[in-house]
Amino acid sequence: MRHFALGSIFLLASAQLGLAEIISVFVGGTALRFEPQSVTAQVGDIIRFSFRQKNHTVTQSSFEAPCQALPNGFNSGFVPVAADKTTDFQTAELLVRDTNPIWAYCRQGTHCTSGMVFAVNPGTQFPAFQAAATQGTPGSSRPPTASSTTSAPVPTGSSTNHLVTVGGPGILAFSPTNLLAQPGDTITFQFRQKNHTVTASSFESPCADLSASGQSGWDSGFKPVGDGTTDFPTYILKVNDSKPIWAYCKQGTHCSSAGMVFAANTDEKSSKNFAAFQALAKGSGSTTGYPPSQSSAAWRPSPSMAYFLGLFAVAFLL
Ligand SMILES: *[C@@H]1O[C@H](CO)[C@@H](O)[C@H](O)[C@H]1NC(C)=O
Ligand SMILES: *[C@@H]1O[C@H](CO)[C@@H](O)[C@H](O)[C@H]1NC(C)=O
Ligand SMILES: *[C@@H]1O[C@H](CO)[C@@H](O)[C@H](O)[C@H]1NC(C)=O
């Protein structure tokens, strides 16, 4: 399934005026709704969706067709959550790249037509958007500030760009940690605070540079990012085939101690799944990457945040 596509990684200048906020939104749980149902966000803010009970999605739509996925829009995919789950809820993040409204819904069954819709910066248009969802009729008027820019298709037509943030204040992790991508897609790694890399490795040696073993690897190099920075450096990786992609952060013990690894296109049903890869990284204890026995993987089922959102920005984007 397609994960969230995103737009250009350039933040507008206004993002530099203040620190980005993380805005939490619950998806489902006790009711078939987003909570809150709409938010006001600044450019650079991150909407963090926390998936609660049942089986929901966060999928980008449009004001005119609230319950229809926008072509090339973001989509978390279905996130089933067991009724008795109380912790470790899966999250997905959406980076707000401009001040245009962003419209979204849950794709599950009749959730949208029951009113399970969500908006970022809807102005006064949220009630009309929700009414259009439940009545199945397009909104009577397009909000004046909604431009087609939020749905700007990626230049290549069908490929998707996946945004992955690297590090951040107090964070030694990639987010999301793993994802699915199609050949032709790109993955944009956006480097946050401290000084990280994203470097190709292998399942067997999670914390070792693949190119050091004579195979063809790739490496962003170190990307130091200061505390006050909002203009984050990036590294764009092209996805050439559907084989798994394994990677890690080369800095110090980020990989071997913190399990700072990333993967794409893993077979989660096989023994080479993301949790096993991360467990091998943490068990490796060194950067030489000798894998410990497979059994260590079983102790650490790490919740993989396989879903993330990006968002289209004005006039370009992936
Ligand atoms: C979640 O919903 C989707 C779409 O209805 C369905 O295909 C999938 O099997 C569901 N997953 C679970 C675990 O119920
Ligand atoms: C980033 O980390 C690398 C490797 O540890 C180091 O060589 C480099 O000097 C660091 N850069 C900054 C600005 O701290
Ligand atoms: C895909 O091919 C390009 C060009 O050869 C290369 O730079 C890139 O690293 C490859 N991607 C992966 C995931 O190996």
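Here are a few things to note about the model shown:
- Evaluated against (1) surrounded by 22 or more Cβ atoms within 10 Å (Cβ to Cβ); (2) modelled with pLDDT under 90, Ser61 falls short on exactly one condition, (2).
- Filter pass, Ala92 being away from ligand 1 (no atom under 13 Å from the Cβ), of a type outside the set (Ser, Thr, Tyr), touching a residue at least 12 places away in the same chain (Cβ under 8 Å) and under 24 Å from Ile22 (Cα atoms): yes
- The conditions of being within 16 Å of ligand 3 (Cβ to nearest atom), hydroxyl-bearing (Ser, Thr, Tyr), touching a residue at least 12 places away in the same chain (Cβ under 8 Å) and out of contact with any Pro (no Cβ under 7 Å at 6 or more places or on another chain) are met by Tyr235.
- Summed over the stretch 215-229, the residues that are surrounded by fewer than 17 Cβ atoms within 10 Å (Cβ to Cβ) and away from ligand 3 (no atom under 15 Å from the Cβ) give a count of 6.
A quick yes/no check of all residues on (1) within 19 Å of Thr177 (Cα to Cα); (2) not small (Gly, Ala, Ser):
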| position | (1), (2) |
| --- | --- |
| Ser201 | yes, no |
| Asp227 | no, yes |
| Thr230 | no, yes |
| Tyr235 | yes, yes |
| Val239 | yes, yes |
| Trp246 | yes, yes |
| Cys249 | yes, yes |
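- Checking the stated criteria, Ile22 turns out to be modelled with pLDDT of 85 or more and closer than 18 Å to Arg192 by Cβ.
- Within the stretch 199-218, the residues that satisfy the criterion of being in contact with a helix residue (DSSP H, G or I) (Cβ under 7 Å, 6 or more places away or on another chain) and under 18 Å from Val166 (Cβ atoms) are Ala200, Ser201, Pro206, Cys207, Gly217.
- If you go through the stretch 43-71 and pick out every residue that is in a strand (DSSP E or B), of a type outside the set (Phe, Trp, Tyr) and under 21 Å from Gln125 (Cβ atoms), you end up with 3.
- Residue in the stretch 82-111 that is farthest from ligand 2 (Cβ to nearest atom), counting only those that are part of a loop (DSSP other than H, G, I, E, B) and among the hydrophobic types (A, V, I, L, M, F, W, C): Ala83
- Among the residues listed as Ser50, Ser61, the single one being farther than 15 Å from Leu163 by Cβ, touching a Leu at 6+ places or on another chain (Cβ under 7 Å) and polar (S, T, N, Q): Ser61
- The set of residues in the stretch 188-203 that are more than 16 Å from ligand 2 (Cβ to nearest atom) and either assigned to a loop (DSSP other than H, G, I, E, B) or surrounded by fewer than 22 Cβ atoms within 10 Å (Cβ to Cβ) (or both) comprises Thr188, Ala200, Ser201, Ser202, Phe203.
The values are calculated or read from the model by the stated rules, or taken from the named source; none is laboratory data. Small disclaimer: the values here were computed from a predicted structure and weren't measured. Cβ sites come from the backbone with ideal geometry, for glycine too, and all protein chains shown count toward neighbours.
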